[in-house]
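Undergrad: Have a look at this one before I ask anything.
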């Protein structure tokens, strides 16, 4: 049986497309986790990362397939994203990366979302070479990508 994607997921996706940090944050539960093979970020880190990304890549854009429900109750979205590094990437806790004017193109891959009444509780991108978020740092030449 097909169901409509949860409102929190749709609000989050629209927030990404419009670079609306407040809307993205409102779609997340306070205990949300962004899980990568290298590290797990909590809500403040996720929002700080996105704010730094949009400042460094003002043209960052997203394209996606429709959300798909998964047998385990999660949702998957296949994303395509990228932009040009024209601003300083100032991710908290790491040295600023001055603009390289390099075009970053993240390989198409799925992100998996778990959602509860409070909003998104887990975001887990598929671990693909060059995938987000680590691929962003790799493509602009940051020696030790933080994510």
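The values are calculated or read from the model by the stated rules, or taken from the named source; none is laboratory data. Since we're looking at a predicted model, the values are computed, not measured. When we count neighbours, we look across all protein chains shown, and the Cβ atoms used for this are built from the backbone with ideal geometry, even at glycine.
Undergrad: Pull out all pairs, ordered by first then second residue, where Cβ-Cβ is under 9 Å, the residues are six or more apart or on different chains, the first lies in the range 11-29 and is on the phi > 0 side of the Ramachandran plot and outside any helix (DSSP H, G or I), and the second is surrounded by fewer than 16 Cβ atoms within 10 Å (Cβ to Cβ) and at pLDDT 95 or above.
TA: 19/58
Undergrad: Okay, moving on. Filter the range 44-61 down to residues that are under 17 Å from residue 23 (Cβ atoms) and buried (at least 17 other Cβ atoms within 10 Å of the Cβ) and give me whichever is modelled with the lowest pLDDT.
TA: 49
Undergrad: If a residue has to be within 20 Å of residue 109 (Cα to Cα) and either without any contact (Cβ under 8 Å) to a residue 24 or more places away in the chain or in contact with a helix residue (DSSP H, G or I) (Cβ under 9 Å, 6 or more places away or on another chain) (or both) to count, how many in the range 40-53 make the cut? Let's see the steps before the verdict.
TA: Filtering the range 40-53 down to residues within 20 Å of residue 109 (Cα to Cα) leaves 40-41, 46, 49-50, 53.
Filter once more, keeping what is either without any contact (Cβ under 8 Å) to a residue 24 or more places away in the chain or in contact with a helix residue (DSSP H, G or I) (Cβ under 9 Å, 6 or more places away or on another chain) (or both): 40-41, 46, 50, 53.
Looking only at that region, the number is 5.
Undergrad: Looking at 66, 107, 99, 95, which one is modelled with pLDDT under 95 and either over 21 Å from residue 143 (Cβ atoms) or surrounded by fewer than 16 Cβ atoms within 10 Å (Cβ to Cβ) (or both)?
TA: Matching residue, one of 66, 107, 99, 95: 95.
Undergrad: Another question, if that's okay. Mind telling me which of the residues 132, 116, 76, 90 ends up being touching a strand residue (DSSP E or B) at 6+ places or on another chain (Cβ under 9 Å), closer than 19 Å to residue 32 by Cβ and at pLDDT below 95? It would help to see each step written out before you state the result.
TA: Details: 116 fails: at pLDDT below 95; 76 fails: at pLDDT below 95; 90 fails: closer than 19 Å to residue 32 by Cβ.
Unique residue meeting the criteria: 132.
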